[in-house]
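Below you'll find the structure, written out as structure tokens, and then a few comments.
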Amino acid sequence: MVLLAVAFGVSIVIAVAGIDISRQPAPELAYPLNLLLRTLASFLATSALAMLFQKLSARGARSRCFGAASNQLRLTLVDFGIMLAPAAFFAALGI
């Protein structure tokens, strides 16, 4: 119910304020920079998940590295044209 109320509230604000929410084209980055930024974002996301479960030990550091590497593998496979489900399967298999 709370999420539904928030969604309705945001929708009303967007409609009243006339905010454009159409998808913007992604900036063109060099592929190595793109890989680095995606790996950093994956590492930060897995770090947040590890903090949620209070795993700040060496085991948590290894899990953050595995999470970043597997997500990078998934994204790279998608870049090469593999569909999302098989790419996610191979990334999970890699873990």
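Please treat every number below as a calculation from the coordinates, not as lab data. These numbers were taken from a predicted model, which means no experiment stands behind them. Cβ: placed from backbone, ideal geometry, glycine included. Neighbour counts: every protein chain shown.
With springs only between Cα atoms under 10 Å apart, run a GNM on the chain and tell me which of ALA17, ALA30, ALA68 wobbles the most. It is ALA17. Every helix of 4 or more DSSP H residues in the chain counts as -39500 (n - 2.57), and over all residues that averages to -25000 deg cm²/dmol at 222 nm. At a Förster distance of 22 Å, what's the computed FRET efficiency of TYR31 paired with CYS65, Cβ-Cβ distance as r, to 0.05? After rounding, the FRET efficiency stands at 0.50. Calculated from the structure, Cα Rg over 2.2 N^0.38 Å equals which of (1) 1.09; (2) 1.44; (3) 0.97? So the structure-derived entry is (2). Among ARG62, ARG38, ARG23, the largest mean-square fluctuation in a Gaussian network model of the chain, built with springs joining Cα atoms closer than 10 Å, belongs to ARG23. Springs between Cα atoms under 10 Å define the GNM used for the chain, and in it the highest mean-square fluctuation of GLY81, GLY60, GLY18 occurs at GLY18.
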